[in-house]
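The values are calculated or read from the model by the stated rules, or taken from the named source; none is laboratory data. Since the model is a prediction, treat every value here as computed from it, not as a measurement. As a convention, Cβ positions derive from the backbone with ideal geometry for all residues, glycine included, and neighbour counts pool all protein chains shown.
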């Protein structure tokens, strides 16, 4: 039954994902593609939409996947599944935080998890970069370079660098998303 599959799949993702929404993207991608819930292109579009809408990316993606597969109930169950483990863990940590972090075992556990989280985020970013800009999804597949995407990336890097030099601050993510959307509308409509 799709509802149970959605809930259990996102419960599993929520239970084993450390490092927040970005670390969850690779697991969501794996499961969504495995079950045929989304294509690679739909997934990349969903990541872009999730990045530009309010709320945590993993919750937005769970809601979207659930909605496409099971309507309103599917979106509710997928979202509940992905947030329930974190909610329970945070409640437990909040109750025990005073004594929790002083244990070497807890510090060692968290120290060991950090490199894994960084690796998951980097692998997801690299996969998205190769798929989006180079059209590279599987080994042996012909590259289809997206010149517009590369131009937009280059312009965003340049704009970000310019803003940092002028203001000595990082540019607003909202500003960068709006600039990117404008550049996309301009370059992809030509």
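Here is a check on your reading of the model: is residue 71 in the same structural domain as residue 29 (by TED's automatic domain parsing), free of Cβ contacts under 8 Å to residues at least 60 places away in the same chain and on the phi > 0 side of the Ramachandran plot?
yes
Go through the residues of the range 84-97 one by one and say whether even a single one is in a loop (DSSP other than H, G, I, E, B) and either out of contact with any helix residue (DSSP H, G or I) (no Cβ under 6 Å at 6 or more places or on another chain) or over 15 Å from residue 6 (Cα atoms) (or both).
no
Would you confirm whether or not the range 1-21 contains a residue that is at pLDDT below 90 and more than 17 Å from the chain's Cα centre (by Cα)?
yes
Being outside the structural domain of residue 53 (by TED's automatic domain parsing), out of contact with any helix residue (DSSP H, G or I) (no Cβ under 8 Å at 6 or more places or on another chain) and surrounded by 12 or more Cβ atoms within 10 Å (Cβ to Cβ), is that true of even one residue in the range 135-154?
yes
Yes or no: the range 31-38 includes at least one residue that is in contact (Cβ under 8 Å) with a residue 40 or more places away in the chain and either out of contact with any helix residue (DSSP H, G or I) (no Cβ under 9 Å at 6 or more places or on another chain) or outside any loop (DSSP other than H, G, I, E, B) (or both).
Our first condition is that a residue be in contact (Cβ under 8 Å) with a residue 40 or more places away in the chain; within the range 31-38, this holds for none.
No, the conditions are met nowhere in the range 31-38.
Sort out which residues of the range 32-56 are exposed (fewer than 14 other Cβ atoms within 10 Å of the Cβ) and over 16 Å from residue 70 (Cβ atoms), and write them in order of number.
If the condition is that a residue be exposed (fewer than 14 other Cβ atoms within 10 Å of the Cβ) and over 16 Å from residue 70 (Cβ atoms), then 34, 39, 41, 45, 49, 53, 54, 55 are the ones that fit.
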